[in-house]
1. Report the extension gain between residue B:262 and residue B:141 in nm, rounded to one decimal, defined as 0.36 nm multiplied by the number of residues separating them, less their alpha carbon distance.
2. Among B:110, B:236, rank each residue by its count of other Cβ atoms within 10 Å, from fewest to most, as a rough exposure measure.
3. Which distance in nm do the two modelled labels at residue B:107 and residue A:13 give, with both placed 7 Å along the Cα-to-Cβ direction?
4. How big is chain A on each of its three principal axes, counting only the C-alpha atoms and giving the largest first in Å?
5. 7 Å from Cα along Cα→Cβ at both residue B:214 and residue A:5: what's the point-to-point distance in nm?
6. Once a ≥ b ≥ c are taken as the square roots of the eigenvalues of the Cα gyration tensor of region B:161-258, is the result rounded (a/c under 1.5), prolate (a/b larger than b/c) or oblate (a/b not larger than b/c)?
7. Can you give the extra length, in nm with one decimal, that the chain gains between residue B:30 and residue B:195 once fully stretched, where that is 0.36 nm per residue apart less the Cα-Cα distance?
8. Sort B:28, B:113, B:136 so that the residue with the fewest other Cβ atoms within 10 Å of its own Cβ comes first and the one with the most comes last.
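All of the numbers you see were taken from the coordinates with simple rules; none came from a lab. Everything numeric in this text was worked out from a predicted model, so none of it was measured. Cβ placement follows ideal geometry from the backbone for every residue including glycine, while neighbour counts extend to all protein chains displayed.
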């Protein structure tokens with residue numbers, strides 16, 4: 001009983017960490033797209049935001 | 001769990017991003033547009049408007065004189081300096097789509113700001129849940145402040161928030177230093193704030209200081225024609241905007257997460 005409770009707890013903790021890692025990656029991809037992606041169209045669209053939030057730009 | 005983090009990040013980013021987009025429109029965007037009138041004047045004097053050119057000529061001797069101090073530590077980076085940059089990076093493909101000035105530019109900029117805020121909100125929420133297993137408004141504000149220090153304040157010490165037309169070292173060198181500084185400062189703050197061991201705290205402090213000992217890549221000459229007053233105002237306003245963004249993201253993420261707690265606490 002105890003062992004299975006501990007096991008399911010550690011499974012839940014592991015699942016939560018995987019979820020955090022995924023959410024972190026999704027967020028990172030978004031920030032990369034608006035802040036760093038090199039494509040001219042993306043640069044032009046996000047230009048003022050890149051400057052305003054002091055991402056290295058140009 | 002993933003859905004909950006995504007929902008909280010999305011909502012917090014949307015709320016904070018919308019507020020920042022409004023602030024941005026009346027602060028940084030105006031300064032950027034004012035600076036664009038001077039952009040290129042330093043790089044291509046022949047093509048610049050006569051008025052802007054005169055202005056650049058006035059400022060140049062002073063800037064060159066004070067610039068030498070800076071140029072010395074950056075000597076190793078001379079290859080990555082402004083000449084290269086002006087030749088390759090700066091002139092973007094003129095055929096690429098660009099928002100028209102006015103409403104279109106405001107809307108596109110607002111969208112980019114909201115998307116960036118959502119991205120940051122997702123990352124912040126993910127880190128808070130991974131570290132603490134939960135989020136409260138109070139703890140979130142501490143995390144948000146740390147994120148501001150790591151993502152905006154620490155990099156700004158080496159690379160001041162910069163207007164279009166400012167002289168700068170090669171983009172790749174600055175992006176690399178920026179990433180390194182953000183990662184080192186974030187890790188350093190975590191060790192300093194969350195680990196009891198004196199060794200961990202010392203390592204954290206070293207991580208925070210290291211990027212500034214290494215030094216940010218700087219151009220070996222200063223050639224911006226943008227008046228220093230506009231540039232200085234932009235740097236401080238930009239940091240204020242970033243601080244507002246992080247605190248709003250943190251407060252909203254805490255609020256939305258706790259709302260979720262309250263709902264879960266009710267008998268099903």
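1. 41.6 nm
2. Least to most surrounded, the residues fall as B:236, B:110.
3. 5.0 nm
4. On the principal axes, chain A reaches 60, 18, 12 Å in Cα extent.
5. Each label point lies 7 Å from its Cα, and together they span 4.8 nm.
6. oblate
7. Difference between extended and current length: 55.1 nm.
8. Ranked by crowding around the Cβ, least crowded first: B:136, B:28, B:113.
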